[in-house]
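The values are calculated or read from the model by the stated rules, or taken from the named source; none is laboratory data. These figures come from a predicted structure and were not determined experimentally. Note: ideal-geometry Cβ built from the backbone for every residue, glycine included; neighbour counts use all protein chains shown.
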Amino acid sequence: MKERSKKKSELSKRDKKASTYRRVVAGNVNGMSVAQSGEQMKAYQFKTVPGYEHTLIWVNAAASELREEHRFDRYPDSIDPGPGGTSLHFVTFSPASVFSDSSFDGEAARDEL
């Protein structure tokens, strides 16, 4: 019993702070590279899967003219960029042992995804 409790505490990352990434968007002004924006992006920590984090850094829903300025102001309805689109994600996957633990609720994890 003590071993199982120790294992669960090792698997749980819920008390760990979410990872943070800095996204810098560069542009071109009069032939010079400039930073158009820079912001901190906090990873989403899944409540139902300990240790699993996801950060959507960029999504461009469809093929577009690269000279146009792109904005990523809100989380999109879908992270699938669609035909010709692009996306960049940072993902931290949980160890396999999380999924084989008897306390893992697969249905709740599927619903959260």
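Brief remarks on what is shown
- In the condition set (1) surrounded by 11 or more Cβ atoms within 10 Å (Cβ to Cβ); (2) at pLDDT 85 or above; (3) in a loop (DSSP other than H, G, I, E, B), Ser87 is compliant with all but (3).
- Remark: Gly27 falls outside the filter, which requires a residue to be on the phi > 0 side of the Ramachandran plot and modelled with pLDDT under 90.
- The stretch 90-113 - residue that is β-branched (Val, Ile, Thr) and within 22 Å of Arg22 (Cα to Cα) and, of those, surrounded by the most Cβ atoms within 10 Å (Cβ to Cβ): Thr92
- Residue match in the stretch 32-42 (condition: at pLDDT 75 or above, under 21 Å from Leu113 (Cα atoms) and assigned to a strand (DSSP E or B)): yes
- When residues of the stretch 64-79 are limited to those that are surrounded by 11 or more Cβ atoms within 10 Å (Cβ to Cβ) and of a type outside the set (Val, Ile, Thr), the one modelled with the highest pLDDT: Pro76
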